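Worksheet: the structure to be examined is printed underneath.
The values are calculated or read from the model by the stated rules, or taken from the named source; none is laboratory data. All values derive from a computational prediction rather than experimental measurement. Glycine gets a Cβ as well: all are built from the backbone with ideal geometry, and neighbour counts include every protein chain shown.
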Amino acid sequence: MRPFWRIALAATAIAASALAGAQEIKARFGTSLPDSHPQTLGARKFAERVEARTAGRIKIAVYSGGQLGSDLQMQAALQGGTQEFAAPSTATLAGLVKDFGVLGLPFSFASEREADAVLDGPFGRKLLGRLPERGLVGLAFWENGFRNVTNNKRPIERAEDLAGLKVRTMQNSLYIDMFSGLGANAVPMAVTELFTALESRAVDAQENPYTVVHAQKFYDVQKYLSTTGHAYDALALIASKKFWDRLSPADQQAVQAAAAEATAYERATSRALNAQLRAELARLGMQINDVAPEERARMRTRLQPVIAKYTTGAGEDTAREFFAAIERARRP
């Protein structure tokens, strides 16, 4: 028969373990875009679903509009364990894992359906699987959308119209080389600094989906919007590995399930808004012109050296798998 004190100690240990398991966990999710953008709307949906799936034990506070820093700064904070969640552009992640660079190759995806098939399939899962070695955990791919050029000088109807424009790009070498290859002067900077740069004419132009143009009120400081559709921009819902490893398997499963729910919501919201906002931006005074398919094809031809460079940079095997995944997505 076990001594009473040992039984009491065991009972105390079990109770303490149960209490620890029931303790509230607080986390922070930072976004670089305003409350009205699908990135932040998706973050709030994710927080809501995590709280619901953990009976209120895991509470995620969302800080929008770059309150916690730029995408690069938040990415570093996740690696260091001082922030728990973010949803940066995959172009930002390419600085950590070069394989992510193929996702931003110009004129690769023809539709959102293709992007979903590739990102949700084996290729996308393989990319996310590379993040833990960099101190991050990839939960899902979200959507920013197809990127278009806005500027204050002229409509962009041909590649030559970009010549000499100072175009803000993401802090990513592919985007810098992409616009340099089209004759523009690429100026990398965080999106949180962009409105002021456009207003002061430090840069002439920028490139983003309709949702970002609207959410950041670029229509107040940009006149022309040209539907170049030069790249599809995916976001990655990521967690700090240091935080993730402290969660129980049950909590990890709950967070992953919440990520799937938030992904469906974020993508649907992004697509609905992008469909609506073209007319709204025109109403707000922007002059919108459609770039002809043959001109986009010419742009892609001019960018072949850039595509070749980053295909090699990401790795021939990765690029081959990426383009094969797109081809599979295009089959009837």
### Query
Restricting attention to the range 31-51, does a residue exist that is part of a strand (DSSP E or B) and at pLDDT 95 or above?
no
### Query
Within the range 100-127, how many residues are in contact with a Leu (Cβ under 7 Å, 6 or more places away or on another chain) and either assigned to a loop (DSSP other than H, G, I, E, B) or surrounded by fewer than 22 Cβ atoms within 10 Å (Cβ to Cβ) (or both)?
1
### Query
So which of Ala314, Ala254, Ala231 ends up being buried (at least 18 other Cβ atoms within 10 Å of the Cβ), at pLDDT below 95, within 24 Å of the chain's Cα centre (by Cα) and not charged (D, E, K, R)?
Ala314
### Query
Could you give every pair whose Cβ atoms fall below 7 Å, whose first residue belongs to the range 89-116 and is without any contact (Cβ under 8 Å) to a residue 60 or more places away in the chain, and whose second residue is surrounded by fewer than 18 Cβ atoms within 10 Å (Cβ to Cβ), counting only separations of at least 6 or pairs across chains?
Leu96/Arg134; Val97/Arg130; Val97/Arg134
## Note on the structure
Note: among Ala262, Ala324, just one is small (Gly, Ala, Ser) and either buried (at least 19 other Cβ atoms within 10 Å of the Cβ) or within 30 Å of Gly56 (Cα to Cα) (or both), namely Ala262
### Query
List the pairs whose first member sits in the range 176-199 and is closer than 21 Å to Leu68 by Cβ and without any contact (Cβ under 8 Å) to a residue 24 or more places away in the chain, whose second member is among the hydrophobic types (A, V, I, L, M, F, W, C) and assigned to a loop (DSSP other than H, G, I, E, B), and whose Cβ atoms are under 7 Å apart, counting only residues at least 6 apart or on separate chains?
Pro188/Met170
### Summary
Residues in the range 52-65 that are touching a residue at least 12 places away in the same chain (Cβ under 8 Å), in a loop (DSSP other than H, G, I, E, B) and either among the hydrophobic types (A, V, I, L, M, F, W, C) or touching a strand residue (DSSP E or B) at 6+ places or on another chain (Cβ under 9 Å) (or both) total 3
### Query
Assuming Leu68 fulfils every condition listed in (1) closer than 23 Å to Gly95 by Cα; (2) in a helix (DSSP H, G or I); (3) in contact (Cβ under 8 Å) with a residue 24 or more places away in the chain apart from one, which condition is it?
(2)
#### Entry: Residues that are more than 15 Å from the chain's Cα centre (by Cα) and crowded, with 20+ Cβ neighbours inside 10 Å, drawn from the range 138-165
Asn148, Val149, Thr150, Asn151, Ile156, Ala159, Asp161, Leu162, Leu165
### Message
Going through Ile288, Ile326 one at a time, which residue ends up being among the β-branched types (Val, Ile, Thr), at pLDDT 95 or above and either within 23 Å of the chain's Cα centre (by Cα) or closer than 26 Å to Ser173 by Cα (or both)?
### Response
Ile326
